[in-house]
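Worksheet: the structure to be examined is printed underneath.
The values are calculated or read from the model by the stated rules, or taken from the named source; none is laboratory data. Only a predicted model underlies this, so the values are computations on that prediction, with no experimental measurement involved. Virtual Cβ from ideal backbone geometry, glycine too; neighbours counted across all protein chains shown. The protein model used for the area step is the full one, side chains on, heavy atoms only, and it has no ligands, DNA or RNA in it. Shrake-Rupley method; radii C 1.70, N 1.55, O 1.52, S 1.80 Å.
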Amino acid sequence: MEKTYIDALPLTMNSSEKQETVCIFGTGDFGRSLGLKMLQCGYFVIFGSRNPQMTNLLPNGAEVLSYSEAAKKSDIIIIAIHREHYDFLTELTEVLNGKILVDTSNNLKINQYPESNAEYLAQLVPGAHVVKAFNTISAWALQSGALDASRQAILKKETPFSTSTAWLYDSYVALGILGFFLFVLLGITSLPSVSNAVNWREFRFVQSKLGYLTLILCTAHTLVYGGKKFLNPSNLKWYLPAAYVLGLIIPCIVLVIKFVLIMPCVDNTLTRIRQGWERNSKH
(Lines give C-alpha, C1' and ligand atoms only; values in the text may rest on other atoms or scores of the structure.)
Protein backbone atom coordinates (compact mmCIF):
# COMPACT_ATOMS: atom_id res chain seq x y z
CA MET A 1 0.00 0.00 0.00
CA GLU A 2 1.29 3.42 -0.91
CA LYS A 3 1.84 5.97 1.80
CA THR A 4 -0.45 8.99 1.82
CA TYR A 5 1.08 12.18 3.15
CA ILE A 6 -0.38 15.37 4.59
CA ASP A 7 1.34 18.66 3.82
CA ALA A 8 2.89 20.36 6.82
CA LEU A 9 3.34 24.12 6.63
CA PRO A 10 6.20 25.24 8.91
CA LEU A 11 5.30 27.53 11.79
CA THR A 12 8.85 28.56 12.60
CA MET A 13 11.91 27.37 10.73
CA ASN A 14 15.53 28.38 10.94
CA SER A 15 17.54 26.79 8.15
CA SER A 16 20.84 27.56 9.92
CA GLU A 17 19.91 25.34 12.89
CA LYS A 18 20.14 21.59 12.68
CA GLN A 19 16.81 19.83 12.95
CA GLU A 20 16.35 17.78 16.11
CA THR A 21 14.94 14.32 15.58
CA VAL A 22 11.87 13.17 17.50
CA CYS A 23 10.56 9.63 17.38
CA ILE A 24 6.86 8.84 17.75
CA PHE A 25 5.68 5.31 18.45
CA GLY A 26 2.20 4.98 16.99
CA THR A 27 0.62 6.19 13.76
CA GLY A 28 -2.92 6.69 15.02
CA ASP A 29 -4.88 9.95 15.09
CA PHE A 30 -2.95 11.44 18.01
CA GLY A 31 0.45 10.31 16.77
CA ARG A 32 -0.12 11.76 13.29
CA SER A 33 -1.50 15.04 14.67
CA LEU A 34 1.40 15.44 17.08
CA GLY A 35 3.89 14.58 14.34
CA LEU A 36 2.37 17.24 12.10
CA LYS A 37 2.82 19.90 14.79
CA MET A 38 6.38 18.74 15.44
CA LEU A 39 7.21 19.11 11.76
CA GLN A 40 5.66 22.58 11.66
CA CYS A 41 7.84 23.57 14.62
CA GLY A 42 11.02 22.52 12.81
CA TYR A 43 11.64 19.01 14.16
CA PHE A 44 12.47 16.00 12.06
CA VAL A 45 9.92 13.29 12.88
CA ILE A 46 10.37 9.55 12.61
CA PHE A 47 7.39 7.30 13.19
CA GLY A 48 7.77 3.84 14.66
CA SER A 49 5.22 1.31 13.47
CA ARG A 50 4.73 -2.44 13.62
CA ASN A 51 3.86 -2.39 9.89
CA PRO A 52 5.85 0.43 8.26
CA GLN A 53 4.88 -0.62 4.74
CA MET A 54 1.13 -0.39 5.49
CA THR A 55 1.17 2.96 7.27
CA ASN A 56 -0.62 5.84 5.54
CA LEU A 57 -1.89 9.39 6.13
CA LEU A 58 1.46 10.49 7.55
CA PRO A 59 2.55 14.16 7.45
CA ASN A 60 4.70 15.11 4.49
CA GLY A 61 8.36 15.05 5.49
CA ALA A 62 8.08 12.36 8.15
CA GLU A 63 9.80 8.98 7.94
CA VAL A 64 8.28 5.70 9.10
CA LEU A 65 10.40 2.77 10.26
CA SER A 66 10.06 -0.23 12.53
CA TYR A 67 10.07 0.36 16.27
CA SER A 68 13.70 -0.67 16.79
CA GLU A 69 15.04 1.28 13.79
CA ALA A 70 13.10 4.41 14.71
CA ALA A 71 14.24 4.28 18.36
CA LYS A 72 17.91 4.18 17.34
CA LYS A 73 17.65 7.54 15.53
CA SER A 74 16.31 9.65 18.38
CA ASP A 75 16.87 10.18 22.11
CA ILE A 76 13.30 11.40 22.62
CA ILE A 77 10.55 8.86 21.96
CA ILE A 78 6.88 9.79 22.31
CA ILE A 79 4.69 6.79 23.11
CA ALA A 80 1.38 7.50 21.34
CA ILE A 81 -0.19 4.07 21.83
CA HIS A 82 -2.52 2.54 24.40
CA ARG A 83 -1.26 0.90 27.57
CA GLU A 84 -2.62 -2.47 26.43
CA HIS A 85 0.01 -2.51 23.66
CA TYR A 86 3.06 -1.63 25.80
CA ASP A 87 4.30 -5.23 26.00
CA PHE A 88 6.43 -4.99 22.84
CA LEU A 89 8.63 -2.41 24.60
CA THR A 90 10.26 -5.16 26.68
CA GLU A 91 11.89 -6.40 23.48
CA LEU A 92 13.46 -2.95 22.98
CA THR A 93 14.99 -2.64 26.45
CA GLU A 94 18.56 -2.32 25.19
CA VAL A 95 17.62 0.18 22.46
CA LEU A 96 15.58 2.33 24.87
CA ASN A 97 18.17 2.34 27.62
CA GLY A 98 18.98 5.94 28.61
CA LYS A 99 16.40 7.46 26.26
CA ILE A 100 13.50 9.75 27.21
CA LEU A 101 10.10 8.12 26.88
CA VAL A 102 7.13 10.51 26.79
CA ASP A 103 3.90 8.80 27.85
CA THR A 104 0.77 10.41 26.34
CA SER A 105 -1.81 7.72 27.18
CA ASN A 106 -4.96 8.02 29.28
CA ASN A 107 -7.06 5.27 30.82
CA LEU A 108 -10.74 4.89 30.01
CA LYS A 109 -11.74 4.68 33.70
CA ILE A 110 -10.50 6.12 36.98
CA ASN A 111 -8.41 3.68 39.03
CA GLN A 112 -8.54 1.18 36.18
CA TYR A 113 -5.07 -0.10 37.10
CA PRO A 114 -3.22 -0.16 40.43
CA GLU A 115 -0.45 2.05 39.04
CA SER A 116 -0.39 4.88 36.56
CA ASN A 117 0.53 4.31 32.92
CA ALA A 118 3.82 6.14 33.39
CA GLU A 119 4.74 3.95 36.37
CA TYR A 120 3.85 0.85 34.36
CA LEU A 121 5.98 2.08 31.48
CA ALA A 122 8.91 2.70 33.84
CA GLN A 123 8.61 -0.88 35.12
CA LEU A 124 8.71 -2.30 31.58
CA VAL A 125 11.72 -0.21 30.57
CA PRO A 126 13.69 0.47 33.78
CA GLY A 127 16.67 1.95 31.94
CA ALA A 128 14.65 4.75 30.27
CA HIS A 129 13.62 8.12 31.66
CA VAL A 130 9.79 8.24 31.64
CA VAL A 131 7.90 11.53 31.66
CA LYS A 132 4.22 12.38 31.20
CA ALA A 133 3.06 14.92 28.61
CA PHE A 134 0.39 15.76 26.01
CA ASN A 135 -2.29 13.73 27.82
CA THR A 136 -4.56 16.76 28.30
CA ILE A 137 -4.84 17.69 24.63
CA SER A 138 -6.79 15.91 21.91
CA ALA A 139 -5.85 15.05 18.36
CA TRP A 140 -8.58 17.40 17.15
CA ALA A 141 -7.06 20.31 19.08
CA LEU A 142 -3.64 19.57 17.59
CA GLN A 143 -5.05 19.56 14.05
CA SER A 144 -7.34 22.58 14.44
CA GLY A 145 -4.91 24.85 16.22
CA ALA A 146 -6.23 28.40 16.44
CA LEU A 147 -9.47 27.35 14.71
CA ASP A 148 -10.47 25.15 17.64
CA ALA A 149 -13.59 26.52 19.29
CA SER A 150 -12.63 25.16 22.69
CA ARG A 151 -9.54 27.33 23.09
CA GLN A 152 -9.46 29.57 26.11
CA ALA A 153 -10.31 33.24 25.82
CA ILE A 154 -8.76 36.09 27.80
CA LEU A 155 -10.97 37.12 30.68
CA LYS A 156 -10.90 40.90 30.94
CA LYS A 157 -12.88 41.31 34.13
CA GLU A 158 -14.42 38.87 36.55
CA THR A 159 -18.09 39.54 37.18
CA PRO A 160 -18.94 38.88 40.84
CA PHE A 161 -22.09 36.99 41.78
CA SER A 162 -24.95 39.37 42.53
CA THR A 163 -27.44 38.15 45.14
CA SER A 164 -29.99 40.81 44.24
CA THR A 165 -29.87 39.86 40.55
CA ALA A 166 -30.32 36.18 41.40
CA TRP A 167 -33.34 37.00 43.56
CA LEU A 168 -34.85 39.07 40.72
CA TYR A 169 -34.48 36.21 38.24
CA ASP A 170 -35.95 33.65 40.66
CA SER A 171 -38.84 35.97 41.57
CA TYR A 172 -39.50 36.67 37.90
CA VAL A 173 -39.85 32.96 37.12
CA ALA A 174 -41.87 32.12 40.26
CA LEU A 175 -44.36 34.96 39.76
CA GLY A 176 -44.80 34.04 36.10
CA ILE A 177 -45.53 30.38 36.91
CA LEU A 178 -48.02 31.21 39.68
CA GLY A 179 -49.75 33.89 37.59
CA PHE A 180 -50.07 31.56 34.61
CA PHE A 181 -51.50 28.77 36.80
CA LEU A 182 -54.20 31.03 38.26
CA PHE A 183 -54.94 32.45 34.81
CA VAL A 184 -55.60 28.92 33.51
CA LEU A 185 -57.77 28.22 36.58
CA LEU A 186 -59.87 31.31 35.84
CA GLY A 187 -60.32 30.18 32.26
CA ILE A 188 -61.47 26.72 33.32
CA THR A 189 -64.04 28.09 35.81
CA SER A 190 -65.42 30.34 33.08
CA LEU A 191 -66.56 27.32 31.07
CA PRO A 192 -70.33 26.84 31.32
CA SER A 193 -69.93 23.17 32.26
CA VAL A 194 -67.74 24.14 35.21
CA SER A 195 -69.50 27.35 36.32
CA ASN A 196 -72.87 25.54 36.46
CA ALA A 197 -71.40 22.96 38.84
CA VAL A 198 -70.35 25.50 41.53
CA ASN A 199 -72.49 27.75 43.71
CA TRP A 200 -72.43 31.54 43.47
CA ARG A 201 -70.10 31.95 46.47
CA GLU A 202 -67.47 29.67 44.93
CA PHE A 203 -67.84 31.29 41.53
CA ARG A 204 -67.53 34.78 43.05
CA PHE A 205 -64.46 33.77 45.05
CA VAL A 206 -62.70 32.40 41.97
CA GLN A 207 -63.65 35.23 39.63
CA SER A 208 -63.14 38.04 42.13
CA LYS A 209 -60.57 37.12 44.78
CA LEU A 210 -58.45 34.84 42.61
CA GLY A 211 -58.96 37.16 39.65
CA TYR A 212 -57.37 40.07 41.45
CA LEU A 213 -54.62 37.80 42.81
CA THR A 214 -53.86 36.68 39.25
CA LEU A 215 -53.72 40.31 38.13
CA ILE A 216 -51.34 41.16 40.98
CA LEU A 217 -49.01 38.23 40.23
CA CYS A 218 -48.88 38.92 36.49
CA THR A 219 -48.28 42.63 37.05
CA ALA A 220 -45.54 41.89 39.58
CA HIS A 221 -44.03 39.41 37.10
CA THR A 222 -43.73 42.19 34.49
CA LEU A 223 -42.46 44.72 37.04
CA VAL A 224 -39.71 42.36 38.17
CA TYR A 225 -38.84 41.69 34.52
CA GLY A 226 -38.38 45.40 33.95
CA GLY A 227 -36.42 45.91 37.16
CA LYS A 228 -34.36 49.07 36.93
CA LYS A 229 -35.25 49.58 33.27
CA PHE A 230 -38.39 51.50 34.14
CA LEU A 231 -36.46 54.48 35.52
CA ASN A 232 -33.40 54.27 33.28
CA PRO A 233 -33.60 56.87 30.47
CA SER A 234 -30.92 55.08 28.42
CA ASN A 235 -33.38 52.20 27.83
CA LEU A 236 -36.03 54.50 26.37
CA LYS A 237 -35.69 54.67 22.59
CA TRP A 238 -36.97 57.96 21.20
CA TYR A 239 -38.08 58.71 24.79
CA LEU A 240 -40.87 56.16 24.49
CA PRO A 241 -41.29 53.36 27.05
CA ALA A 242 -41.20 49.72 26.04
CA ALA A 243 -44.37 47.83 25.11
CA TYR A 244 -44.46 45.91 28.39
CA VAL A 245 -44.37 49.25 30.28
CA LEU A 246 -47.36 50.56 28.33
CA GLY A 247 -49.17 47.28 28.96
CA LEU A 248 -48.93 47.87 32.72
CA ILE A 249 -50.85 51.14 32.69
CA ILE A 250 -54.37 49.68 32.78
CA PRO A 251 -53.57 46.82 35.26
CA CYS A 252 -51.88 49.28 37.62
CA ILE A 253 -54.84 51.67 37.45
CA VAL A 254 -57.24 48.79 38.20
CA LEU A 255 -55.14 47.63 41.16
CA VAL A 256 -54.87 51.16 42.58
CA ILE A 257 -58.64 51.67 42.34
CA LYS A 258 -59.23 48.24 43.93
CA PHE A 259 -56.83 49.10 46.76
CA VAL A 260 -58.77 52.31 47.43
CA LEU A 261 -62.09 50.49 47.39
CA ILE A 262 -61.03 47.83 49.91
CA MET A 263 -59.93 50.42 52.46
CA PRO A 264 -62.23 50.16 55.52
CA CYS A 265 -63.51 53.73 55.30
CA VAL A 266 -64.59 53.25 51.68
CA ASP A 267 -65.57 49.58 51.86
CA ASN A 268 -67.92 50.10 54.82
CA THR A 269 -69.70 52.95 53.06
CA LEU A 270 -70.09 50.95 49.85
CA THR A 271 -71.40 47.97 51.80
CA ARG A 272 -74.04 50.14 53.49
CA ILE A 273 -75.05 51.60 50.12
CA ARG A 274 -75.43 48.09 48.65
CA GLN A 275 -77.65 47.22 51.61
CA GLY A 276 -80.00 50.15 50.88
CA TRP A 277 -78.57 52.90 53.04
CA GLU A 278 -79.40 56.48 52.02
CA ARG A 279 -77.75 59.61 53.39
CA ASN A 280 -80.97 61.47 54.20
CA SER A 281 -83.01 58.40 55.15
CA LYS A 282 -84.67 58.42 58.56
CA HIS A 283 -84.68 54.62 58.85
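Here are some notes:
- Each peptide in 242-252, 71-81 was scored by the mean count of other Cβ atoms within 10 Å over its residues; highest first, the order is 71-81, 242-252.
- Normalising the average separation of contacting C-alpha pairs (under 8 angstrom, six or more residues apart) by the number of residues puts the relative contact order of segment 163-275 at 29 percent.
- Amide H to amide H distances under 5 Å link K132 with D103, where only residues 5 or more positions off or on other chains count and H is placed in the peptide plane.
- Shape call, segment 21-141: gyration tensor on alpha carbons, a/c limit 1.5: oblate
- Area of H85 that stays accessible when all protein chains are in place (1.4 Å probe, Å², to 10): 100
- Annotation: peptides 166-172, 209-215, ranked by per-residue average of other Cβ atoms within 10 Å with the highest first, follow the order 209-215, 166-172.
- Of the solvent-accessible surface of segment 163-275, computed with a 1.4 Å probe over protein heavy atoms with every protein chain present, carbon and sulfur atoms account for 72 percent.
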